[in-house]
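The values are calculated or read from the model by the stated rules, or taken from the named source; none is laboratory data. No experiment lies behind these values; they were computed from the predicted model shown. No Cβ is skipped: glycine too gets one built from the backbone with ideal geometry, and neighbour counts run over all protein chains shown. The protein model used for the area step is the full one, side chains on, heavy atoms only, and it has no ligands, DNA or RNA in it. Shrake-Rupley method; radii C 1.70, N 1.55, O 1.52, S 1.80 Å.
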Amino acid sequence: MPFPVSTAVLEFLAGLTNGHAAEVIDKYYAPKGTYTNMPGGMATFTGPEEVKAAINGFFSLMEMDTFTTFHIASNSTGYVFTERVDRFRTATAFHDLLLMGIFKVKDGMIQEWRDYFDIGDVEKALGLHFR
């Protein structure tokens with residue numbers, strides 16, 4: 001029976017919320033897998049080590065508390081689409097970030113991960129400007 005691609009994505013996201021980001025990236029990320037936050041001008045990270053560094057950098061500003069998936073769909077080519085809210089915690093508050101995530105999964109490993117969101121929501125939560 002083939003590995004359900006949506007299960008890999010949900011398990012991956014769950015690992016990001018419980019302080020095990022490095023472990024789930026090692027478990028689910030393909031050696032040349034990519035991660036891109038899609039607001040214009042943001043970098044693409046390739047391979048588990050770059051993805052871990054990017055996630056750890058972001059988590060140094062805000063910790064991922066929970067995620068809620070409203071809709072998830074996958075197809076026979078391994079693409080998984082998630083409409084979700086990621087709840088992040090800063091030193092002073094919780095912040096909800098609305099996202100559309102697209103994952104490409106092959107043989108249980110993430111080949112691509114792209115998150116689409118409003119960068120203004122992140123800037124507001126952190127009090128920083130990225131653009």
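Name the residue that is most open to solvent (accessible area, probe 1.4 Å), counting only residues in segment 97-129 that are within 12 Å of the chain's Cα centre (by Cα) and of a type in the set (V, I, T).
Across segment 97-129, the extreme among qualifying residues is I102.
Within segment 32-53, how many residues turn out to be under 20 Å from G120 (Cβ atoms) and among the small types (G, A, S)?
Residues meeting the conditions: 3.
Can you report the number of residues in segment 1-27 which are aromatic (F, W, Y) and within 12 Å of the chain's Cα centre (by Cα)?
Residues that pass the stated criteria total 1.
Return the residues of segment 5-29 that are aromatic (F, W, Y) and either assigned to a helix (DSSP H, G or I) or loosely packed, with under 14 Cβ neighbours inside 10 Å (or both); say none if nothing qualifies. Before the answer, list the steps.
Kept after step one, since they are aromatic (F, W, Y), are these residues of segment 5-29: 12, 28-29.
Once the filter is applied, which keeps residues that are aromatic (F, W, Y) and either assigned to a helix (DSSP H, G or I) or loosely packed, with under 14 Cβ neighbours inside 10 Å (or both), segment 5-29 yields F12, Y28.
For a quick check of your reading: which strands (runs of 3 or more DSSP E) sit entirely within segment 39-131 and have at least 3 residues that are charged (D, E, K, R), farther than 23 Å from E23 by Cβ and in contact (Cβ under 8 Å) with a residue 12 or more places away in the chain?
Correct list: empty, since no element meets the threshold.
Taking the conditions exactly as written (touching a strand residue (DSSP E or B) at 6+ places or on another chain (Cβ under 9 Å) and assigned to a helix (DSSP H, G or I)), does K32 satisfy them or not? Don't jump to the end; show me each part of the working.
Working: touching a strand residue (DSSP E or B) at 6+ places or on another chain (Cβ under 9 Å): yes; assigned to a helix (DSSP H, G or I): no.
So K32 fails the test.
When you look at A91, is it more than 21 Å from A8 (Cα to Cα) and in contact with a helix residue (DSSP H, G or I) (Cβ under 8 Å, 6 or more places away or on another chain), yes or no?
no
Just name the residue that is nearest to D86 (Cα to Cα) out of those in segment 30-65 that are crowded, with 18+ Cβ neighbours inside 10 Å and of a type in the set (S, T, Y).
Y35
Output the number of residues of segment 66-96 satisfying the condition of being open to solvent by 30 Å² or more (accessible area, probe 1.4 Å) and within 13 Å of the chain's Cα centre (by Cα).
Counting residues in segment 66-96 that are open to solvent by 30 Å² or more (accessible area, probe 1.4 Å) and within 13 Å of the chain's Cα centre (by Cα) gives 7.
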